[in-house]
Amino acid sequence: MGYRLDTSGRAPLHKRVERMMRQLIAESPYCDGEFLPKEVEISEKLGVSRNTVRFAISKLVNEGLLIRRKGIGTRVAPKRIPTRLDSWWSFTREMQSRGIEVVNYEIDVRIVRAGEEVAEALHVNQGVTLIEVLRLRGTETGPSLLTISSFHPRLKMTGHEDFYRPMYQMLEEDLGIIAAFSREEISAIAADEWLADKLNLEVGDPVLYRRRIVSDTDGQLIEYNKVYYKGEGFSYSIDIAKG
């Protein structure tokens, strides 16, 4: 197919680059696992800025179509069975539905500068100022999960919001922001010293790790959320209907 941008219509440049990238990765040799050309090479061939190419690639990474490894390269992700969660609740609401009282063991609200990981997930410039919230919660028997939420600076949050309330309820009722879509990645990891201390575990104990990117009803990113669950206390179920 080569490197050709669609010049018809009035689609924004970044949308045209994204469309071209989708076509590119669907063809051999990239769909067969070969690494994509470097961003600078693509930008030179297309005659667009490197940031425009990076934005398009980041979007495909967030959709799970590409895998990017720093210092190694970017390649097409292995084919996976797509799943859709018809609804998702906050931890507090889910526990309340089961008659379990949630205990907040630690809530830490900070104004930070976005690092590389957060900037890529939220499609913002690295170093931009945003609100980050760490919450350690559980039941009366002890902490069960640790969440770290980074909020898009577009939300103009002050850090004085009531983070003791269910997160998405607070966003909707106080800020008029409705969380409508969540893209999830779930994996198992081993607890390091920091996680072990927070969750009352031994170093190396299993931890369920969930990475979540949340968008509003307009499809705009609002939150990058990382959750660490005690391995022995949780399972994650998804209902899948055969198409």
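The values are calculated or read from the model by the stated rules, or taken from the named source; none is laboratory data. The structure displayed is predicted, hence computed values, not measured ones. Every residue, glycine as well, gets a Cβ built from its backbone with ideal geometry; the counts of neighbours run over all protein chains shown.
Only residues that are under 24 Å from Ala196 (Cβ atoms) and charged (D, E, K, R) were counted across segment 109-166, and they come to 6.
Residues in segment 149-201 that are within 20 Å of the chain's Cα centre (by Cα) and acidic (Asp, Glu): Glu172, Glu184, Glu185. In segment 151-188, what count of residues is obtained for those that are assigned to a strand (DSSP E or B) and modelled with pLDDT under 90? Summing the residues that are assigned to a strand (DSSP E or B) and modelled with pLDDT under 90 in segment 151-188 gives 10.
What are the residues in segment 113-129 that are more than 11 Å from the chain's Cα centre (by Cα) and buried (at least 18 other Cβ atoms within 10 Å of the Cβ), if any? Talk me through it step by step, then tell me what you get.
Our first condition is that a residue be more than 11 Å from the chain's Cα centre (by Cα); within segment 113-129, this holds for 113-116, 124-129.
Result: Ala114, Val124.
The residues on offer are Leu146, Leu134, and the sole one that is without any contact (Cβ under 8 Å) to a residue 60 or more places away in the chain, under 16 Å from the mean Cα position of the chain (by Cα) and assigned to a strand (DSSP E or B) is Leu134. Exactly one residue among Thr7, Thr52 is outside the structural domain of Tyr224 (by TED's automatic domain parsing), β-branched (Val, Ile, Thr) and modelled with pLDDT of 85 or more, and that residue is Thr52.
If the condition is being out of contact with any Asp or Glu (no Cβ under 8 Å at 6 or more places or on another chain) and more than 16 Å from Val76 (Cβ to Cβ), then segment 15-38 contributes Lys15, Val17.
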